[in-house]
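What follows is one structure encoded as structure tokens, with my remarks underneath.
The values are calculated or read from the model by the stated rules, or taken from the named source; none is laboratory data. If you're wondering where the values come from, they're calculated on a predicted model, not measured in any experiment. Cβ placement follows ideal geometry from the backbone for every residue including glycine, while neighbour counts extend to all protein chains displayed. Just so you know, the surface numbers come from the protein's heavy atoms only, side chains and all, with ligands and any DNA or RNA stripped out. Shrake-Rupley method; radii C 1.70, N 1.55, O 1.52, S 1.80 Å.
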Amino acid sequence: MRDVAWDTYPNARDLGGLPTLHSPTGLTQFGRIVRGPRRELLTAEGWNKARAWGLSNVVDIRNADEVGRRDTDPEVDGAAWAGVTVRNHPTEDHDNPDFVAYCMPVLDSPAYWEHNVRILPGLVASALRAVLDAGPGVLVHCAAGRDRTGLIATLLLANAGVPPEAVSADYAMSVRAMAGTAHHGGVAHDRQSTWTTAQTDAFLLQAAPIVERNARGIAATMADLGITADERQGLRDLLVAP
């Protein structure tokens, strides 16, 4: 079961259990990396379950102005996450004019991923390196755990040899999990917050080829990001090494 049951924490999945020829088991390894939404949604029990899973690091890829508890978030004592290292590595820059022009209109779609990589390769690479430095037992999250996290998860899974169709299916799970729910952060309006199942299905028919194209282009993307061969192997080992 890839869904992570950390109390009421939504849209959280282990990146283990997906097919890859790089693994001796034929599958990515469980217990290494979880993708999810903003950590402020975790209850005290959620943190307990996360720590029991093995959580030791969080890579938060949101912008600084998105971080922090909201009135609607659970009240949790800081002791709940004591010993968990949080690393902040935003993948976006909303002050960058090219990012604003090319990415902002489609932030709730994988259509912006290639632009994000092209315009801000250093930020995306920094997030990947933060995951590598964190090692096993890491939660990667943005706000909804769908688009920015979807980009990083796509890069991690494709680099680990997960087939494009399986990478796309993982992205679709996050879209379905968050469709019809309130926007979880950032400056852009989230059109998916009001979507019906039919609207979600129609969107995914268009989005799937984009995700798969990104997965198939992993070698070129990693080169564009300046990720070295050793770093690629280290990231792969996070998900496939026994």
Are there helices (runs of 4 or more DSSP H) fully within the stretch 197-242 with at least 1 residues that are open to solvent by 30 Å² or more (accessible area, probe 1.4 Å), of a type in the set (Val, Ile, Thr) and farther than 14 Å from Ile152 by Cα? List them. 197-216
Which of the helices (runs of 4 or more DSSP H) found entirely inside the stretch 102-180 contain at least 1 residues meeting this: more than 15 Å from the chain's Cα centre (by Cα)? 113-119, 121-134, 164-178
Any pair with Cβ under 8 angstrom, 6 or more apart, that starts in the stretch 176-187 at a residue that is aliphatic (A, V, I, L, M) and ends at one that is modelled with pLDDT under 75 and crowded, with 16+ Cβ neighbours inside 10 Å: Met178/His184
Being open to solvent by 30 Å² or more (accessible area, probe 1.4 Å) and either closer than 21 Å to Ala172 by Cβ or in contact with a Lys or Arg (Cβ under 9 Å, 6 or more places away or on another chain) (or both) is the filter here, so list the residues in the stretch 1-40 that pass it. Met1, Arg2, Asp3, Ala5, Asp7, Pro10, Pro19, His22, Leu27, Phe30
Is it the case that some residue within the stretch 141-149 is open to solvent by less than 10 Å² (accessible area, probe 1.4 Å) and among the aliphatic types (A, V, I, L, M)? yes
